[in-house]
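Every number here is computed from the coordinates shown, using simple stated rules; none is lab data. Just so it is clear, the structure is predicted and the values come from calculations on it, not from any experiment. For neighbour counting, all protein chains shown are included, and Cβ atoms are generated from backbone atoms with ideal geometry for every residue, glycine included.
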Amino acid sequence: MKLILKIWRQNSASERGRFVDYSLSDISPESSFLEMLDILNEKLIMEGEEPVVFDHDCREGICGTCGMYINGRPHGPDELITACQLHMRKFSDGDTIVIEPWRARAFPVIKDLTVDRSALDRIIEDGGYISVNTGNAPDANSIPVNKEHADLAMDAAVCIGCGACVAACKNASAMLFVSAKVSHLALLPQGRIEARERVHKLVARMDALGFGNCTNTGACEAECPKGIKLTNIARLNREYYRSRIF
Amino acid sequence: MSLAGLFLITFLLVHLGLNLLVITNNDPMVFNKAAHFMSTNKLIKVFEIILFGGFLLHIIYALILQAQNWLARPKRYHKTNKSETSPFSKWMIHTAVIVLTFIVMHLFDFYFKSKFGGAPEILVGGEHYHDFASMVVTKFRLPEFVILYLAAFIFLGFHLIHGFQSAFKTLGLNNKTYTPVIQALSIIYTIFVVGGFSAIPLVIYFQ
Ligand code: HEM
Ligand code: SF4
Ligand code: FES
């Protein structure tokens, strides 16, 4: 495949960035998107240029590190995957591919396509956990959990903190991420105990970090690689009002 | 925001009910008397203040919300968002500005005229009434007025079709049984309100 890549290059958060065009040829449709970028970087290094900095770790779709905005969509043109699971067969020969970093005030650019997503960790630090040591896994039936709640909690717990929801949202809101964290703990008996303070602190921290507000648009749900549902956001709102009123 | 929005949604129903009197009754005095009641009754005066409060609250929250949301992404994407989402949600502030412009014009036409003079009056049974019914009919004979009015309601419809169901999610009111009902109601309500308000100029124009 022959490709034209239009990639965002930026040296640091304080410097201005710009798009640079690169052309690549002989790319196999079977290579992954990140492998394609590796090939570009090898070429750049051979030519004595600075390689494009991008984040990645597991390359298995489970760590959530490889965030980038490809042709107008976080993680590119496929459903329920991260960028490392995207393959070049999703594109056609001769395509121009625009690659940008996540753009949000709360995610400053570190370099090129890598952004600082630690704002999500700052939110978790404020209570996205259970404060006591729960020891080893207890006997399966010692704490009864209703099946429906267990399923919903597990569905919410698969969030990998990739930030695609923030990147996709027209308001750069982190509501889907926060709602997943709040839901997976609030639905289980162990997490229920601190649910009231947790939802309060997490929302306050999210607002303070400069994320936008949720308008129930649903871009997050459409782009989340783990299929986190918008219903979690309604649950977050419900938990929040409950914590304020009762 | 959501509560004020839902309050405005109920207000629209009442307003529509009154307006429909213009085309459902041959006697224009039915509408005039209703309008007269609405502008003189003491209890309605209280509701009027609450209504203005509701609008103000909704608008102030809307401006704060929108400002924060724009600030949350200082640098825009080059290739704009291609995610599959509710198209109406993306245009809330834009439809809102159109609706607000219409509301201001509308207030100049009716509310201020009834308060500060300028509306035609008629004398029935020794009492003065504003003859809004014939004013409405005169206006809706003009095609440009009909088009303006219809356009405003189409944009209000875009605002409502997202707003109605969104307000419930914002309030945390969702579950497997009721959410589909709310989504359906959102569409039915929007069609009913937009259709109802649009029927009035159309009926008068083509009469
Ligand atoms: C009769 C008129 C109106 C009705 C019935 C109405 C209703 C609603 C409702 C129910 C919502 C959803 C609230 C939520 O999800 O929490 C909403 C959102 C909104 N409204 Fe209105 N509204 C009206 C007029 C206006 C006006 C005049 C403005 C002017 C500034 C405005 C600005 C907004 C904005 C910016 C939102 C955005 C929230 C979002 O993106 O979801 N609205 N409206
Ligand atoms: S909710 Fe989905 S998109 Fe958002 S951080 Fe979690 S996994 Fe990523
Ligand atoms: S590199 Fe871990 S999810 Fe892509």
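So which of A:LYS226/B:LYS82; A:LYS147/B:LYS90; A:LYS226/B:LYS176; A:LYS6/B:LYS169; A:LYS2/A:LYS170; B:LYS33/B:LYS169 end up more than 30 Å apart, counting from Cα to Cα?
In this structure, A:LYS147/B:LYS90; A:LYS6/B:LYS169; A:LYS2/A:LYS170; B:LYS33/B:LYS169 lie more than 30 Å apart at Cα.
Out of the trypsin sites (Lys or Arg not before Pro) in the stretch A:1-68, which ones are loop residues according to DSSP with at most 13 other C-beta atoms within 10 Å?
Those satisfying the criteria are A:LYS2, A:ARG16.
Considering the Cα trace of the stretch B:67-207, what is its radius of gyration and what is Dmax, both in angstroms?
20.1, 68
Contact order normalised by length for the stretch A:3-111, with contacts defined as Cα pairs under 8 Å and 6 or more residues apart; what percent is it?
35 percent
Would you work out the charge dipole size for the protein assembly as shown about its Cα centre, treating the Cβ of every Lys and Arg as +1 and the Cβ of every Asp and Glu as -1, and quote it to the nearest 20 debye?
So the magnitude is around 1260 debye.
Would you kindly derive the ³J(HN,Hα) couplings of the stretch A:40-55 from the backbone phi angles with the Karplus curve 6.51 cos²θ - 1.76 cosθ + 1.60 (θ = phi - 60°), listing them in order in whole Hz, with x for Gly and Pro?
4, 5, 4, 4, 5, 5, 4, 7, x, 9, 6, x, 7, 7, 9, 8
Among B:ILE60, B:SER166, B:SER186, which residue has its Cα positioned farthest towards the positive end of the charge dipole of the protein assembly as shown, with +1 placed on the Cβ of Lys and Arg, -1 on the Cβ of Asp and Glu, and the dipole taken about the Cα centre?
Farthest towards the positive pole: B:ILE60.
What size of dipole, in debye to the nearest 20, comes out for the stretch A:3-111 about its Cα centre when the only charges are +1 on Lys and Arg C-beta atoms and -1 on Asp and Glu C-beta atoms?
Around 580 debye, computed over the stretch A:3-111.
Given the stretch A:3-111, report the % of alpha carbon pairs whose separation exceeds 20 Å.
When every Cα pair of the stretch A:3-111 is considered, 38 percent fall beyond 20 Å.
Which values, in whole Å and largest first, are the semi-axes of the equivalent ellipsoid of the stretch A:127-185 obtained as the square root of 5 times each eigenvalue of the Cα gyration tensor?
The answer is 28, 13, 9 Å, longest axis first.
Based on the Kirkwood radius over alpha-carbon pairs, what value in µm²/s does the Stokes-Einstein equation return for the translational diffusion coefficient of the protein assembly as shown at 37 °C and 0.692 mPa s?
129 µm²/s
I need the P(r) histogram for the stretch B:69-131: all alpha carbon pairs, bin width 5 Å from 0 out to the longest distance, whole percents.
4, 12, 12, 13, 11, 8, 8, 7, 7, 6, 6, 3, 3, 0
Given a 10 angstrom Cα cut-off, can you work out which residue in B:GLY172, B:GLY157, B:GLY126 is the most mobile in a GNM of chain B?
Residue with maximal mean-square fluctuation among B:GLY172, B:GLY157, B:GLY126: B:GLY126.
Please work out how much length the chain gains when fully extended from B:LEU123 to B:LYS75, using 0.36 nm per residue of separation minus the C-alpha to C-alpha distance, in nm with one decimal.
Length gained, B:LEU123 through B:LYS75: 11.1 nm.
How long are the three semi-axes of the equivalent ellipsoid of chain A, in whole Å, if each is the root of 5 times an eigenvalue of the C-alpha gyration tensor, listed from largest down?
The three semi-axes for chain A are 37, 19, 15 Å.
What chymotrypsin sites (Phe, Trp or Tyr not before Pro) does the stretch A:69-135 have in DSSP loop regions with at most 16 other beta carbons within 10 Å?
A:TYR129
Positive end of the charge dipole of chain B (Lys, Arg +1 and Asp, Glu -1 on Cβ, about the Cα centre): tell me which of B:SER83, B:HIS128, B:VAL14 has its Cα farthest that way.
Most positive-ward Cα: B:SER83.
What is the average number of partner chain Cβ atoms found within 10 Å of a Cβ in B:82-91?
Partner Cβ neighbours, averaged per residue: 6.
Within chain A, what's the longest run with no GluC sites (Glu not before Pro) in a DSSP loop and at most 12 other beta-carbon atoms within 10 Å? Give the range, please.
Maximal segment without exposed cleavage sites: A:80-246.
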